[in-house]
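Down below is the structure, laid out as structure tokens.
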2 protein chains.
Amino acid sequence: MVIEPSKPQYIQIADELRARIDQRVYQAGTSLPSEQRLADELGVSRVTVNKALTLLRASGDVKVRRGAGTYVRSLSRILRDAKRRYAARDHGTGAGEVEVTGLNLQSRTDYREIGRVHPPTAAAKVLRLEGDKDALVRRRVLYANNEPTQIADSYIPWDIADGCDALLRADAGKGGSYSRLAELGHGPVRFTEDVNVRVPDDAEQRLLDIEATLPVFEIWHVAYDAEDRPVELCIHVMPGHLWTLRYDWDDETRSGARH
Amino acid sequence: MVIEPSKPQYIQIADELRARIDQRVYQAGTSLPSEQRLADELGVSRVTVNKALTLLRASGDVKVRRGAGTYVRSLSRILRDAKRRYAARDHGTGAGEVEVTGLNLQSRTDYREIGRVHPPTAAAKVLRLEGDKDALVRRRVLYANNEPTQIADSYIPWDIADGCDALLRADAGKGGSYSRLAELGHGPVRFTEDVNVRVPDDAEQRLLDIEATLPVFEIWHVAYDAEDRPVELCIHVMPGHLWTLRYDWDDETRSGARH
């Protein structure tokens, strides 16, 4: 271990433990040696090890299970490439599972609710639902190797979804709900995403199995049809330590330069 | 205040205080009433008010200044529209200041370092700098109304920047460094951004004037020229509670549908 005199000791210990996790000295999902053993081995006090572990908890690199010790994170960061995930539906993979399947992780989706609801005010506004118009909601939690990776609540204006039985089923059929929207004459042609970061509320901590201090991404993904009508809003809540979001675009000031 | 029996009392108090901040009952940048006064007025214990304020600190809605009390956040969330911010340079506004200026906030940029450096390994890899090739670094902190809003460290391969005096000055001239890159034959035509979220380190807490528990966005923005060479990497570190990131794109599976 290289000692950098400028860094406090507990930060150096945290860096060292993080490097060991990256190098799989400590395997994903397994329990770490006890604080006392780490202190003895690294030649520092147990208080220093404890402070280092607090940093690793804050960064999501370890998880403390009450009464059971400290465990190494079981998933590496997953790359979420916005453009490619939605393009994948034409190849038969649902957008919700494309990243996880690509990493050879076991993907699972649990639907919590599918049905007609009165959407929250902010969601209704994005979907331009005036008065008290309803929406179809599809609420789900996605998992990779049995670890929750995101909550995704999708809203579709009820007047669009009405009569499409597939949208009321957990499995919305080949190409997912966007393909059903296309069949209904409202196929998405443009997307926007607004990304915020915040701490999770109680329900999210429970559903995502994370501590109150671990920040989450909240993404509002909106799909527009060819008439520029918003036809779906999906609100994603994703543990920040599990994801890297990727976006790419061509420079508009130089359009034509590459085509 | 609407009492929702399902929510713990301190969360209801936090919601109420947040609503008052949004409605400017408590003005941006001013100090909140004391915990005791809030407790008396809201008819709850001081402990409950204190727990509610802890939530507001975690969400960045209030800031505690040691020995000086609790202050309302002075900036609302700023929308960072990725495509538009970089397109703005042709209209004379630098990408770094476009959002802040648009909100009628006072924008300021402090340069911490401009010069030739050996870039960090990960940065060198993104810029495909083999061996120990150097880069020009431009490190700055951006402010809105004297509040720090982001750290932005920009790297340009030295073999590209070499000889361009403007890039060594804080003011890189009309259109900023991208316009200089264009004059050097390396004008950006495509961008990618990788977005992560994490807690800030000590230096970042100091530069951004935030607590250790407030998450930050870390954005790696890469500009590519027409030969698909990465010509600039800018690493942005931005307090999460100050920003909403916006991205939009046309659906690739339906290209031609709108054109």
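Entry remark, region B:199-235: residues being more than 10 Å from every other protein chain (Cβ to nearest Cβ), part of a strand (DSSP E or B) and more than 21 Å from B:V137 (Cα to Cα) number 0 in total.
The rows are residues; the columns are (1) modelled with pLDDT of 95 or more; (2) in a strand (DSSP E or B); (3) assigned by TED's automatic domain parsing to the domain that holds A:R229.
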| site | (1), (2), (3) |
| --- | --- |
| A:L105 | no, no, yes |
| A:K125 | yes, no, yes |
| A:V141 | yes, yes, yes |
| A:T149 | yes, yes, yes |
| A:I156 | yes, yes, yes |
| A:A172 | no, no, yes |
| A:E193 | yes, yes, yes |
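How do the helices (runs of 4 or more DSSP H) wholly within region A:1-88 filter down when requiring 1 or more residues that are touching a residue at least 60 places away in the same chain (Cβ under 8 Å) and open to solvent by 60 Å² or more (accessible area, probe 1.4 Å): which remain? Correct list: A:46-58.
Total residues in region A:237-252 satisfying the condition of being touching a residue at least 40 places away in the same chain (Cβ under 8 Å), at the interface with another protein chain (Cβ under 7 Å from one of its Cβ atoms) and either over 30 Å from B:A226 (Cβ atoms) or not hydroxyl-bearing (S, T, Y) (or both): the figure is 4. Looking at A:E232, A:E193, A:E211, A:E204, just one residue is touching a His at 6+ places or on another chain (Cβ under 6 Å) and in contact (Cβ under 8 Å) with a residue 40 or more places away in the chain, and that residue is A:E193.
Which members of region B:174-190 meet the condition of being without any contact (Cβ under 8 Å) to a residue 60 or more places away in the chain, surrounded by fewer than 22 Cβ atoms within 10 Å (Cβ to Cβ) and outside any helix (DSSP H, G or I)? Those that are without any contact (Cβ under 8 Å) to a residue 60 or more places away in the chain, surrounded by fewer than 22 Cβ atoms within 10 Å (Cβ to Cβ) and outside any helix (DSSP H, G or I): B:L184, B:G185, B:G187, B:V189, B:R190. Residues considered: A:E227, A:E204. Of these, the only one that is at pLDDT 95 or above and under 17 Å from B:V197 (Cβ atoms) is A:E204.
The values are calculated or read from the model by the stated rules, or taken from the named source; none is laboratory data. Note that the structure is a prediction, hence the values are computed from the model and not measured. In this analysis, Cβ positions are derived from the backbone assuming ideal geometry, glycine residues included, and neighbour counts consider all displayed protein chains. Heads up: the accessible areas ignore ligands, DNA and RNA and are worked out on the full protein's heavy atoms, side chains in. Shrake-Rupley method; radii C 1.70, N 1.55, O 1.52, S 1.80 Å.
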